Each structure stands twice: as structure tokens, then as C-alpha cells.
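Structure first, commentary second.
The values are calculated or read from the model by the stated rules, or taken from the named source; none is laboratory data. Here the structure is a predicted model, which is why all the values come from computation and not from measurement. Please note: Cβ atoms are built from the backbone with ideal geometry, for glycine as well, and neighbour counts cover all protein chains shown. Heads up: the accessible areas ignore ligands, DNA and RNA and are worked out on the full protein's heavy atoms, side chains in. Shrake-Rupley method; radii C 1.70, N 1.55, O 1.52, S 1.80 Å.
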Amino acid sequence: MDVTDLRIALFSGNYNITLDGANKALNRLAEYLLRRGASLRVYSPTSREPAFAPTGDLVSLPAVPIPGRSEYRIPLGLSGAVKRDLEDFAPNVLHIASPDFSSRAAVGWAKARGIAVLASVHTRFETYPRYYNLGFIEPVVERYLRNIYRRCDALVTPSQSMVDVLERQGMNDDVSIWSRGVDRTIFDPARRDPAWRRGLGIADDAVAIAFLGRLVMEKGLDMFAESIAELRNRGVAHQVLVIGDGPARGWFEKALPGAIFVGFQGGEALGRALASADVFFNPSVTETFGNVTLEAMASGLPVVAAGATGSTSLVADGRTGVIVPDGCASAYAAALARYCQDPALRAAHGRAGEAKSRDYSWDAINQAVVDTYLRISNPRQD
């Protein structure tokens, strides 16, 4: 059995409705699978105004908007039409990319037919409640996730630190790495544009601290704002550049007086914006990898990040950035202050991060998923 024999049914809670790291990774995987000759069908909620065109055939799942977060949908299971489509497609591998109701039903459908199941874990869903003052339900969410992931033949996740978390949580006994790549045609220090910076009011000698991502609370917006306030209280000169948009933008603007918000940026414009900053600050603890961190490294920026899954597998503490294990505002501010006040250190760590980012090739990374598909499905072909 080889890649051309694979028939993959991919279930995603949000394949192209919004543009985020997980969706970009899934669409890149789909392109690689189709280019290698595999058959692929994607099952996901759909939108009249998706963020981008999907890669491959997309079958719409029944779903409803998430209250207060209408840009996302909650898949509601498998309709009769979806089940018939699955039967007609006849997959030999089922891949779930989000632990929602449709994926849970799809796992049951596959297990009843002896079909291999792979789950890719893109984010730490069990940590989300803490950003909405619901931290007490984290154990319940973790049990729900374990119930789904234990039924899968294998899990893949983007970093060794996340492999360690999943094994410690008892999610599955077969967990391996599906890392992430970076588009070097977009993210490169050469994209830096001093004229663009000046147009925003950022002086050539100013240190711009960047945030990149969707503006939602689970990205650590509160800790970012608190740390910047602490940096300001210490009298350290800096400016803040926020790249991205989302439902919490209004809150973030109020919490970061004087910050420059440039909204959503894509393609070459995103590469320019990121390379035109000087330091990247990522206090989020929800990512399993942190695509934005790798993109910042490829752009030549030193990184200050939380001591959490994802970042700890990317950032070499003291060489390409600073990992802050305790996640407190004063510790973040101290790390940011060093970069603001030491241009030589900033440049050295930025160069080291850019060099490390060159290790991430998309084709090699996606082949690891293909290898896992073949490994878990081959015994079923005996």
C-alpha cells in the first residue's frame, strides 16, 4: 500500500471559514496529498463568505454559529446525506482535526467499519475556559477529549512538548509529531520596510513589539496588555504593533493605549508587517505549535513567549528568544526590556531564530502524516 491507495475522509470544524494556523496547515496537507495522488474528501461546516477557497472537495456539515463567536460553527453530527456521501467515498482512513460532535460521530462510524482513525491535535481546547472565567470546567473538557482521542488509532500534534502533554494526560498511547512549516517567500528579514514603519509613525530607532494573531481572549490578550503596561511603568521606550483582527479588538485597543493596529494582513503584506517589527511577543498558552512564532523567527525577530507547549519546542531560551515559564507580567516585561535596551542582543537572537526557522520544510513535514496514515491503515489491509 502506498500514498496513491489512500482514501482519506478529513473532518474539520472550520476548514476555511477563518484564516488561522490550523486551517492553513490542513489546506497545505490537502494540497500535498492530492499532489501525491491520494484521494481526499473534506467534511466541514461552510460559510457563504469563507476566508479563502478550500483545497480539495468540501462537503458541508450541519452546524450552528457559536454564540458570541459567529465566525465559528459547531458541527452537529452526521446527517443522512453526509453518511451516504461517506459510504460512497469509501475511505480507508478517517482524519479528525477537531474534537467536535461531528468528529465524534465520524469516529464511531469508522470504528464500526474497521477503518483506521487519526486525530490531529491543533490546540489545547481544555485551556480555553480559563480565558472566560470558567477554569473550573477544564477537567470536564479534558475527560471529553480523552473519550474521543482514546478511540483513535493514533494522534499527531505539532511539537514534542505537546506530545508530552497528550501522553501525560493519557489521551493515546500512539502520539507523534506533525510539525509546521513556514513560507520563506513571505517571511524573511528582507521584507522589512522602513518607509512603511515611518508611515505608521514608528521612528527608525524605535523598538516595535509585535502581536500577531486573531484578536480573541484565548490568545493571551490580557497578559499581553498587562505586560506592556508593566513595561511602560518601568519607563522603557517602545511601541506596540498589533497585526490581526477579531472580536476582541475593541477590548485590546482600550487595553493598549497608543498601540498601532494595522488589522488583518495577508501574503506579502503580512511578511512586510512582521519583518518591520523588532521583537515578537507571544504570551498565549493555547497553541500546540505556534505558527506565528515560527513566522516571526523566519522574519528575523527575537521572541518572548510563554513557557507553554509549542513555544518551548521552537524557541531556544537565551539563543533565539526568551521563554518565560511562570507567565507573569513582570517577568515578560523584564524580558522585553532587555531587547528594547540592547540592540546587539536583539539582532543576535533574531539572526539565530531566522537560521533555525530554515529547518521547517512543508513537504517533509506533511510526509510524516502520510507515513502515519499508511502505518495505521496497512494492518487493516492484510
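Flag: Arg375 does not match the condition of being open to solvent by 60 Å² or more (accessible area, probe 1.4 Å), in a helix (DSSP H, G or I) and either within 27 Å of Ala305 (Cα to Cα) or of a type in the set (A, V, I, L, M, F, W, C) (or both). Per this entry, Thr185 is not counted among residues that are touching a strand residue (DSSP E or B) at 6+ places or on another chain (Cβ under 8 Å) and among the polar types (S, T, N, Q). Would you confirm, using the coordinates I've provided, whether Arg150 is more than 22 Å from the chain's Cα centre (by Cα) and surrounded by 16 or more Cβ atoms within 10 Å (Cβ to Cβ)? In short, no.
Tallying residues that are out of contact with any strand residue (DSSP E or B) (no Cβ under 9 Å at 6 or more places or on another chain) and either open to solvent by less than 60 Å² (accessible area, probe 1.4 Å) or not aliphatic (A, V, I, L, M) (or both) within the stretch 226-250 yields 10.
Which condition breaks for Arg180 when tested against (1) open to solvent by less than 30 Å² (accessible area, probe 1.4 Å); (2) assigned to a helix (DSSP H, G or I); (3) of a type in the set (D, E, K, R)? It is condition (2) that Arg180 fails. The residues of the stretch 214-237 that are at negative phi and over 24 Å from the mean Cα position of the chain (by Cα), listed by number, are Ala229, Glu230, Leu231, Arg232, Asn233, Arg234, Val236, Ala237.
Annotation: of all residues in the stretch 83-103 being under 25 Å from Ala51 (Cβ atoms) and part of a helix (DSSP H, G or I), the one that is most open to solvent (accessible area, probe 1.4 Å) is Phe101.
Residue check: Gln169 meets all listed conditions (1) over 30 Å from Arg375 (Cα atoms); (2) touching a Lys or Arg at 6+ places or on another chain (Cβ under 8 Å); (3) not hydrophobic (A, V, I, L, M, F, W, C) but one, namely (1). Scoring Asp222 on the criteria (1) over 20 Å from Ser299 (Cα atoms); (2) free of Cβ contacts under 8 Å to residues at least 40 places away in the same chain; (3) out of contact with any Lys or Arg (no Cβ under 9 Å at 6 or more places or on another chain) leaves a single failure, condition (2). Restricting attention to the stretch 138-160, the residues that are among the β-branched types (Val, Ile, Thr) and touching a residue at least 60 places away in the same chain (Cβ under 8 Å) total 2. Just one of the listed residues (Pro75, Pro62) is within 23 Å of the chain's Cα centre (by Cα), at pLDDT below 95 and not hydrophobic (A, V, I, L, M, F, W, C), namely Pro75. Restricting attention to the stretch 296-319, the residues being under 16 Å from Arg214 (Cβ atoms) and at pLDDT 95 or above number 1. Scanning the stretch 343-368 for residues that are modelled with pLDDT of 95 or more, touching a helix residue (DSSP H, G or I) at 6+ places or on another chain (Cβ under 9 Å) and over 19 Å from Glu295 (Cα atoms) turns up just one, Leu345. Number of residues in the stretch 1-34 that are aromatic (Phe, Trp, Tyr) and closer than 15 Å to Asp100 by Cα: the value is 2. Scanning the stretch 319-351 for residues that are in contact with a Gly (Cβ under 6 Å, 6 or more places away or on another chain) and among the polar types (S, T, N, Q) yields a single hit, Thr320. Exactly one residue out of Arg124, Arg143 is open to solvent by 10 Å² or more (accessible area, probe 1.4 Å) and at pLDDT 80 or above: that is Arg143. In this structure, is Ala208 surrounded by 14 or more Cβ atoms within 10 Å (Cβ to Cβ), more than 26 Å from Ser98 (Cβ to Cβ), in contact with a helix residue (DSSP H, G or I) (Cβ under 8 Å, 6 or more places away or on another chain) and modelled with pLDDT of 95 or more? When the stated conditions are applied, Ala208 passes them.
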